[in-house]
Amino acid sequence: MAGTGLVSFFRNSMRRRSARRDVNRDAPRDESKSESARRPGERSPFCYSPGQFFFEYLVVVSLKKKSGSDYEPKIIYQFPKRENLLRGQKEEEERLLQAIPLFCFPDGNHWAPLTEYTSETFSFVLTNVDGSRKIGYCRRLLPVGRGPRFPEVFCIISCLGCFGLFSKILDEVEKRRQISMAVIYPFMQGLRESPFPAPGKTVTIKSFIPDSGTELIELTRPLDSWLEHVEFQALLQHLSPENILWLFASVVLERRIIFVAEELSVLSQCIHAVAALLYPFSWAHTYIPVVPECLIDTVCCPTPFMVGVQKRCLEQVLDQPMEEVLLVDLCEGKFLRSVGDERDILPAKLETEMLTSLKTHNSNNNIQTSEQVNAHVSNTFVQFFVKTVGHYTSHLKWNKSGQSSFQEKAFCKAITSRSCRKFVKRFVRTQMFSLFIQEAERSRITQEGYFQQKVTEYQEQKKKQRRNS
């Protein structure tokens with residue numbers, strides 16, 4: 001543990017974010033400015049553009065003896081080292097570097113030296129007070145050596161969300177670690193000097209390896225960039241289609257969700273997948289894919305959250321004075337606690353359509369690639385939002401000066417299905433919908449992208465059906 005000061009930092013950060021969102025929820029939409037709002041056409045909550053750095057830091061975290069039989073994670077190497085920072089930048093960097101070890105070893109400080117350890121890949125997210133996020137891509141492995149030793153974590157900190165690409169980078173890091181630490185840094189320097197590719201494009205990194213010569217490593221960014229931040233297969237493997245839909249219903253109403261699993265990789269993959277189901281909206285509240293043991297009482301937070309906890313901490317979680325939560329056991333594929341109305345939130349007809357679509361995926365699972373699974377699952381949930389709120393642009397009223405206001409009552413009244421209208425009336429009160437509409441009110445340019453494309457396709461299809469009927 002990096003000290004009580006770090007815990008206080010996280011507590012205060014969560015309180016400040018919650019307070020700011022409460023203010024924004026009640027503020028006039030055309031005046032409220034939220035840094036965490038996204039353009040309606042964008043998939044990822046991590047803001048970036050082609051050409052920027054792949055990463056900010058590579059840090060190596062190892063366990064160091066603290067007292068008695070306890071150990072604490074410490075950064076033993078940082079690349080690059082930052083100099084000439086302003087005071088505020090230095091303070092922000094110090095907070096970041098304090099937090100990283102805690103999330104690289106979230107499973108406490110009760111470790112013993114090991115002779116065997118299967119390397120594990122996972123990720124965490126650090127959310128700043130302004131709503132911006134950084135991802136830590138981690139590979140925990142046992143360093144080469146003889147006799148019992150501790151695992152170490154190679155952690156790449158980046159504001160870019162592309163898990164498949166960074167997993168390949170960590171593969172290269174691990175391969176070089178088996179040779180020498182010294183071989184890693186030229187590779188990372190080459191990566192840092194290369195621009196992040198545009199969707200569908202490839203960057204080639206030259207890297208010299210002793211006894212092998214110069215290697216050319218190709219890193220390709222997926223063409224479907226709105227799907228690069230997620231892997232839905234893990235979620236489908238751990239939860240039934242029915243449970244995924246009831247979980248989605250809770251998340252879309254911004255409730256408190258706790259995920260439990262044995263493996264760090266399962267926690268991070270599944271929580272990222274659930275957050276991605278919200279596209280074109282984004283989760284705007286506390287979001288900790290892997291909660292460090294010392295921050296378990298995060299589950300007592302009265303505001304919405306999505307957090308992941310290792311199963312060995314389940315008893316600690318159950319002992320906390322929690323408010324209503326959905327507690328999801330990814331190991332057993334079931335809910336340990338629920339509010340009780342999860343099955344009644346989504347419109348029945350649309351829920352049946354989504355269930356059929358997800359079950360169709362399950363029956364074809366053996367012949368689908370990862371990209372096909374991502375596209376199929378994503379489209380299932382995109383269509384849900386297309387059919388429930390896709391008509392939002394028709395209720396944005398623009399004046400001559402280019403300002404807009406959203407006509408919420410007319411928007412809800414335009415929905416002919418009673419069950420859909422009932423759901424939408426609850427959904428429009430969420431923070432994610434409010435932020436989405438705030439951004440749409442600012443500029444017509446933001447009403448572009450994949451979601452709007454699907455809305456247009458759906459509306460054209462309905463017009464065609466009416467003409468043929």
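Numerical summary
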quantity	calculated
Selected residue (only one of Pro101, Pro113 is surrounded by 12 or more Cβ atoms within 10 Å (Cβ to Cβ) and either modelled with pLDDT under 90 or over 16 Å from Glu152 (Cα atoms) (or both))	Pro113
Residue satisfying all of: in region 388-408; surrounded by 12 or more Cβ atoms within 10 Å (Cβ to Cβ) and of a type in the set (Phe, Trp, Tyr); farthest from Glu460 (Cα to Cα) among these	Phe406
The lone exception for Arg343 - which of (1) touching a helix residue (DSSP H, G or I) at 6+ places or on another chain (Cβ under 8 Å); (2) more than 24 Å from Asn379 (Cβ to Cβ); (3) in a helix (DSSP H, G or I) it fails	(2)
Residue in region 211-228 that is surrounded by the most Cβ atoms within 10 Å (Cβ to Cβ), counting only those that are out of contact with any Ser or Thr (no Cβ under 8 Å at 6 or more places or on another chain) and part of a loop (DSSP other than H, G, I, E, B)	Pro222
Set Lys413, Lys387: member being under 30 Å from the mean Cα position of the chain (by Cα) and basic (Lys, Arg)	Lys387
Out of Leu318, Leu326, Leu358, Leu314, sole residue that is modelled with pLDDT of 95 or more and of a type outside the set (Ser, Thr, Tyr)	Leu326
Residue list for region 143-164, restricted to those being within 27 Å of Arg95 (Cα to Cα) and among the aliphatic types (A, V, I, L, M)	Val153, Ile156, Ile157, Leu160
Failed condition for Glu193, given (1) out of contact with any Ser or Thr (no Cβ under 8 Å at 6 or more places or on another chain); (2) surrounded by 14 or more Cβ atoms within 10 Å (Cβ to Cβ)	(2)
Extreme residue, surrounded by the fewest Cβ atoms within 10 Å (Cβ to Cβ), among residues of region 264-302 that are in contact with a strand residue (DSSP E or B) (Cβ under 7 Å, 6 or more places away or on another chain) and part of a loop (DSSP other than H, G, I, E, B)	Cys301
Matching entry among Glu351, Glu324 (being surrounded by 17 or more Cβ atoms within 10 Å (Cβ to Cβ) and among the acidic types (Asp, Glu))	Glu351
Any hit, region 157-179, residues being within 25 Å of Cys294 (Cβ to Cβ), over 17 Å from the mean Cα position of the chain (by Cα), in the same structural domain as Tyr71 (by TED's automatic domain parsing) and part of a loop (DSSP other than H, G, I, E, B)	no
Residues (in a helix (DSSP H, G or I), touching a Pro at 6+ places or on another chain (Cβ under 9 Å) and not polar (S, T, N, Q)) located in region 189-210	Arg192
Selection count where residues are assigned to a strand (DSSP E or B) and closer than 21 Å to Ala182 by Cβ, scope region 114-139	1
Test result for Phe248, part of a helix (DSSP H, G or I) and of a type in the set (Phe, Trp, Tyr)	yes
Unmet criterion (only one of (1) more than 19 Å from the chain's Cα centre (by Cα); (2) modelled with pLDDT under 90) for Leu227	(1)
Per-region count, region 414-441, residues more than 23 Å from Glu353 (Cβ to Cβ) and free of Cβ contacts under 8 Å to residues at least 24 places away in the same chain	1
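Okay, residues lined up against (1) farther than 17 Å from Leu160 by Cα; (2) free of Cβ contacts under 8 Å to residues at least 60 places away in the same chain; (3) touching a Cys at 6+ places or on another chain (Cβ under 9 Å); (4) not hydroxyl-bearing (Ser, Thr, Tyr):
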{"residue": "Phe208", "(1), (2), (3), (4)": "yes, yes, no, yes"}
{"residue": "Glu215", "(1), (2), (3), (4)": "yes, yes, no, yes"}
{"residue": "Leu219", "(1), (2), (3), (4)": "no, yes, no, yes"}
{"residue": "Pro222", "(1), (2), (3), (4)": "no, no, yes, yes"}
{"residue": "Leu227", "(1), (2), (3), (4)": "no, no, no, yes"}
{"residue": "His238", "(1), (2), (3), (4)": "yes, no, yes, yes"}
{"residue": "Pro241", "(1), (2), (3), (4)": "yes, no, no, yes"}
{"residue": "Leu253", "(1), (2), (3), (4)": "yes, no, no, yes"}
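The values are calculated or read from the model by the stated rules, or taken from the named source; none is laboratory data. If you're wondering where the values come from, they're calculated on a predicted model, not measured in any experiment. Neighbour counts are summed over all protein chains in view; Cβ atoms, including those assigned to glycine, are modelled from backbone coordinates with ideal geometry.
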